[in-house]
1. Please give the strands (runs of 3 or more DSSP E) falling wholly within the stretch 252-333 in which 3 or more residues are touching a Phe, Trp or Tyr at 6+ places or on another chain (Cβ under 9 Å) and among the aliphatic types (A, V, I, L, M).
2. List the pairs whose first member sits in the stretch 154-166 and is in contact (Cβ under 8 Å) with a residue 12 or more places away in the chain, whose second member is in a helix (DSSP H, G or I) and surrounded by fewer than 18 Cβ atoms within 10 Å (Cβ to Cβ), and whose Cβ atoms are under 9 Å apart, counting only residues at least 6 apart or on separate chains?
3. What's the number of the only condition in (1) in contact with a Phe, Trp or Tyr (Cβ under 9 Å, 6 or more places away or on another chain); (2) surrounded by fewer than 17 Cβ atoms within 10 Å (Cβ to Cβ); (3) over 20 Å from Val307 (Cα atoms); (4) not charged (D, E, K, R) that Thr405 fails to meet?
4. Somewhere in the stretch 246-268, is a residue surrounded by fewer than 24 Cβ atoms within 10 Å (Cβ to Cβ) and farther than 25 Å from Met339 by Cβ?
5. Name the single residue, out of those in the stretch 31-90 being among the charged types (D, E, K, R) and crowded, with 17+ Cβ neighbours inside 10 Å, that is nearest to Glu303 (Cα to Cα).
6. Determine which member of the set Leu242, Leu224 is closer than 23 Å to Ala108 by Cα, surrounded by fewer than 24 Cβ atoms within 10 Å (Cβ to Cβ), of a type in the set (A, V, I, L, M, F, W, C) and touching a residue at least 40 places away in the same chain (Cβ under 8 Å).
7. Sort out which residues of the stretch 334-381 are in a loop (DSSP other than H, G, I, E, B) and touching a helix residue (DSSP H, G or I) at 6+ places or on another chain (Cβ under 7 Å), and write them in order of number.
8. Go through the stretch 404-459 and give me each residue that's among the polar types (S, T, N, Q) and in a strand (DSSP E or B).
Amino acid sequence: MKEFKSLLIVFISVITLQNFICAQTSGWNSVEEILKNIVPPEFPDKEFLITDFGAAGNGETDCTNAFKKAIEVCSAAGGGKVIVPEGVYLTGAIYLKSNVNLHISENAIVKFFTDDEKYLPAVFTRWEGVECMNYSPLIYAYEEENIAVTGKGILDGQGDNSNWWSWKGKKEFGWAEGMPNQNEGRKKLFEMAENNVPPAERILGKGFYLRPNFFQPYKCKNVLIEGVTFKNSPMWFIHPVLSENISILNVTVEGLGPNNDGCDPESSKNILIKNCFFNTGDDCIAIKSGRNNDGRRINVPGENIIVQNCKMKEGHGGIVIGSEISGGVKNVFAENCEMNSPNLDRALRIKTNAVRGGVLENIYMRNVKIGEVKEAVLKINYYYEEDAEGNFMPVVRNINLENVTSEKSEYAVWIKAFENSPAAEINIKNCDFNNVEKENILENVKDIEVKSVKINNREFNLN
């Protein structure tokens, strides 16, 4: 009995110590620890020029096979750098293999065909948070390790109103009555997921008009994206799925097409997004974890995501959580960023509903300078798309803003949660919101704390 009591005391002591350590490393104090787990991959000092494999930088030659051969030879040789020299190179889908750094040299432009046949056969992918077989992303990797896309060159998806973007089915993106669009394919995919059709049997692709994303590392480890410029994606730009240890550094993302999200880490962890510029047709950075039944089936959150020193121009939101968020998200840190555009809708945006659900917690933003956003500095919306008509109550808690300033917005804070699942632990400190047009909206908010916050030079009053 004495031995049991001694073991119990030891066990309780260990648990107490663990809780103490967790408390000490919570919040911003945990950033340093997370960064220790984000280490860019290194590559052997070997180079493979794609021009040695049949590529020509004349803007006319189909270089798809040259990319394929160069990457395969590089990987088989133990890895290295596949170099795209100065010039303009046309290609279809690129499959990136382990230990390969695809290096786009300065004054090199890789242009991706807009012919959808170039992205077949279909690959295993995630489309709007649902697993399926669909067109290959423009650059794709599956279960690979130590991969990179680097350099000072340009990756141009060539999306515009004459090709991919019209599939959205909206007239402002080139669609006209009688033209194909994604609506039926999207509906079919979501129905299959809700009916538990195995993902490998959700075969879409040709005839379903679900646009591919630009770069998707799927179930990959040790990923580096550095220096390059992405332009005009068919849909989302950078989309890591179920991946970890990802560094996205000094990257420029520009595309004002439909669903042109800049960077959407989904069910992925240990991610650093640093010194990047986003000018996008949708959310600049949107953290995701799967949609509805499919997201709950996989049940992997997005976690340990750090955003530093980034600039956001146009977009639906600067830092966004959701809307495909059924697996939850935790530990997101955004600091030292700048946002400014009348066409940037929100600075920090959380979007979910009673169909998506998800536990969204430990979201931190500090030292962010905002010139102008169209709608709100902080927006938390439980009524996105399907609203309250569902059985999966979202949980949103521990949302923190500190040293955030803005010069113009419609609202400072806009929160609409559910009565039976309020947004909780909202902490706003040392913030200054100027030229705010309307009063805050605070529906079903629990435990909100405001310290040293001014709106239009008046103290933020919760009463």
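1. 302-308
2. These pairs meet every condition: Asn161/Glu172.
3. Here Thr405 clears every test but (3).
4. Scanning the stretch 246-268, I find no residue that is surrounded by fewer than 24 Cβ atoms within 10 Å (Cβ to Cβ) and farther than 25 Å from Met339 by Cβ, so the answer is no.
5. Filtering the stretch 31-90 for residues that are among the charged types (D, E, K, R) and crowded, with 17+ Cβ neighbours inside 10 Å, the one nearest to Glu303 (Cα to Cα) comes out as Lys81.
6. Leu224
7. Across the stretch 334-381, the qualifying residues are Val355, Arg356.
8. Thr405, Ser406, Ser409, Ser421, Asn427, Asn430, Ser452
None of the figures in this text is laboratory data; all of them are computed from the coordinates on show. Everything numeric here is computed off the predicted structure, so don't read it as measured data. Neighbour counts are summed over all protein chains in view; Cβ atoms, including those assigned to glycine, are modelled from backbone coordinates with ideal geometry.
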